[in-house]
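Before any comments, here is the structure.
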Amino acid sequence: KRSKVRRHVFMGTATWPIVALVLNASIGVQMAANTANVTSAEQALDLNYIRTVLQRMEDSIIFSLIERSQYLTNSAVYEPNHKQLGRFKLHALKSAGSNGCLGDWFIYQTECLHSQVKRYDHPTEYAFFGPLPEASLGKNTETEKGGTEGILAQVPPEAIVNKKLLEIYRTKMIPSLCEEGDDGNYGSTAVQDVHVLQTMATRIYYGLFVAESKFRSETEKATAMIKAKDTDALIAFITKPEVEKKNVQRVILKAKAFSRNIALDKPEESGPATYKVNPEYIGKIFEEYIMPLTKEVEAAYLLARLNPLPREDSVQEETDVDWINPGSPTVLEKKKTNGS
């Protein structure tokens, strides 16, 4: 039975932007579990270590789905061109690749915040929208995407599946996870959506470590499939059906444990166990969505594994303010060099 306790986030059109900003700032404490040690290739690519991390991520995903299920579907959160955002926010949001829905605004604003503390410098973190602010806070490290520490090779654009994940989450997961309807809790819904999506995405892109580990352990075999561009063979190469089956079973058991409704008054008269979510459906989310997307990421990564690293062009022209002044020394020198 659905709990009647609701967290009414938005109290009216005059106050909701302020409340939203507070929520957006506080969501940083909910960043998805990501315990990868990217300073050690030996540990990061150890399959036993990876397995432990993935199992811990299961907990985060299950808990986040349980939290989302307490609200109704609230489809208004996903409707394009959300009027309360206003023209300025809508323009910025659509420039980032969104349809202008409230849910996307929460995602993008959260990513802008997390980007500044180097979240997306981690090799398994990829934002849903962009551009993002430059990382300016937090500990300075030399670890960047693209394998500067010798762990991962360059990750190709084909391995980024955020758009697919977002579409699946909103059109397939939400209607099956939540009761149909509108309870008005748009802010809480959008905040929890961010947590669910980031947690799932982290779990999916952690497959990059799995793919790299398997490539290194069976390089000759993997190389032959890569050169043949045999996607099906690569997926078979990274798939262990018996392990996946056990993983789904474990997820279902966890979902039962985490979401069970507890009766303290007369437990002997409480009847069969009831749950806040359908544990079998949580298992289905992993089996039909998260695992296939993970394998898609792994296969796309492996297909590009032998490609040379792209040349890193200077971004000076994009960041140097001289380009906006036709009479600046930089521009005049370029014109002279080009003979124009």
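Below is a table of values for the structure above.
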quantity	calculated
Helices (runs of 4 or more DSSP H) contained entirely in the stretch 144-259, each with at least 3 residues that are open to solvent by 60 Å² or more (accessible area, probe 1.4 Å)	162-168, 219-227, 241-259
Unique match (being in a helix (DSSP H, G or I) and either modelled with pLDDT under 95 or over 15 Å from the mean Cα position of the chain (by Cα) (or both)) among 42, 58	42
Residue match in the stretch 10-32 (condition: modelled with pLDDT of 90 or more, more than 30 Å from residue 278 (Cβ to Cβ) and of a type outside the set (D, E, K, R))	no
Members of the stretch 91-119 found to be open to solvent by 30 Å² or more (accessible area, probe 1.4 Å) and not small (Gly, Ala, Ser), listed by number	91, 94, 99, 109, 113, 116, 117, 118
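The values are calculated or read from the model by the stated rules, or taken from the named source; none is laboratory data. Since this is a predicted model, take the numbers as computed values, not measurements. Note: ideal-geometry Cβ built from the backbone for every residue, glycine included; neighbour counts use all protein chains shown. With ligands, DNA and RNA removed, areas are computed over all heavy atoms of the protein, side chains included. Shrake-Rupley method; radii C 1.70, N 1.55, O 1.52, S 1.80 Å.
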